[in-house]
Amino acid sequence: MTHTFRGEQRPGQSSIRSSGGLPVLDETYHHLVIADSTTADRLSILATTGVPVPGVTVSSWGAAICKHVDAVRRPDQILYWDITSEFSSDVDERQSSFNPRTDPQAWIPVYETKFERLQENVTKDAAGTAVANSAGQPFENGIIRARFIPIWEFFQFEADTVTDQDVIDRNEVVNSVTFQGRAAKTLLCNVMSSVIGYYYGERRRLTKYSLRYNVATWQHKRLDVGTVYLSAGEHLPYLDKSGNVMLGALNGSGEKVTPGTAPSVLTFDMYTSVAFAAFLRT
């Protein structure tokens, strides 16, 4: 014989509460299982077909997932087991929508602002003056400047069709165009975690992102200096008046600059540029 699942009973409970600013739906269901013997194994009662499975079974309304199941044997009817199942839509992460009936994949994330210290090699000081000696000759390595930059961290619900490769391709990339008022290549996107699971009754992906803002862009910058320069397409040694090879300033096209003039600054892309609007909701 096998245990008999008699379906949902009359008692029931449903409530909506707030958790971290997010509406959470809690539901309680009651079912009945009739055991095939008085010595039935307790685990077999919970494994009876029809009994909700924690982390798998979705509620009848479709917004909550089973979190806990209790099986209690009736003292006066020892073949009868009362099953109590608790369902919840709680996912622990904040989102801006306060309507549990809307699609979580359309919710605009709530972000947290943090700061971290960034050290970078710069070719100009805070006033925009080129880093050079009193004769206008640039220092080869510029100067190291430390400053705090803002970081925004947030979670975003996405379709489970978003693949791991899609997530990988979103990590360590910069914005190709202006995004949220920030100029191109000033925002660095990192994927902190990405989990596929059942959220709000559906199989979805929950991804945590961070955006680091560097007003000076995330490009590598170098002073355009060298011991040779271009003249009519030919490489010639950069000489001082005594005929000694020197490190001289260039204009960004390989040509000499006027003595005492600061060299151009060359920029190099360190990260792939992508359109953030293609995957981040704002």
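Read the figures in this text as sums done on the coordinates, not as results from a lab. Being a predicted model, the structure only gives us computed values, none of them experimental. All Cβ positions, glycine included, derive from the backbone under ideal geometry; neighbour counts span all protein chains shown.
Against the empirical curve 2.2 N^0.38 Å, the C-alpha radius of gyration of the range 102-257 lands at a ratio of 1.54. Between Leu43 and Glu255, the simple label model (points 7 Å from Cα in the Cβ direction) yields a spacing of 8.3 nm. Loop-located chymotrypsin sites (Phe, Trp or Tyr not before Pro) in the range 1-89 (DSSP state other than H, G, I, E, B) with a sparse environment of at most 14 neighbouring Cβ atoms within 10 Å: Trp61. Set against the labelled values (1) 1.19; (2) 0.98; (3) 1.30, Rg/Rh (Cα atoms, Kirkwood Rh) computed from this structure falls on (3).
Here's the picture: charge each Lys and Arg Cβ at +1 and each Asp and Glu Cβ at -1 in the chain, and of Val131, Ala106, Pro259 the one pushed furthest to the positive end of that dipole is Pro259. The calculated FRET efficiency for Ser193 paired with Thr2, based on their beta-carbon distance and R0 = 35 Å, is about 0.25. Rounded to the nearest 0.05, the FRET efficiency derived from the C-beta distance between Lys67 and Asp125 at R0 = 51 Å is 0.35. The fraction of Cα-Cα pairs per 5 angstrom bin, counted from 0 for the range 4-88, comes to 3, 15, 25, 22, 15, 9, 6, 3, 1, 0 percent, rounded to whole percents.
Put simply, when 35-42, 269-276, 236-243 are sorted by average Cβ atoms within 10 angstrom per residue, most first, you get 269-276, 35-42, 236-243.
GNM remark for the chain: springs join alpha carbons under 10 Å apart, and the peak mean-square fluctuation among Ser89, Ser253, Ser14 falls on Ser253. For a straight C-alpha distance cut-off of 19 angstrom, the aspartates and glutamates reachable from Lys67 (same-chain residues fewer than eight places away being disregarded) are Glu8, Asp26, Glu27, Asp82, Glu86, Asp90, Asp92, Glu93, Glu202. Of all the options Thr113, Thr48, Thr258, the one that moves most in a Gaussian network model of the chain with Cα springs shorter than 10 angstrom is Thr258. Here the chain is treated with +1 on each Lys and Arg Cβ and -1 on each Asp and Glu Cβ, and its dipole about the Cα centre works out to around 620 debye.
Among the listed pairs Lys114/Lys208; Lys185/Lys208; Lys114/Lys221; Lys221/Lys241, those with a Cα-Cα distance over 23 Å are Lys114/Lys221; Lys221/Lys241.
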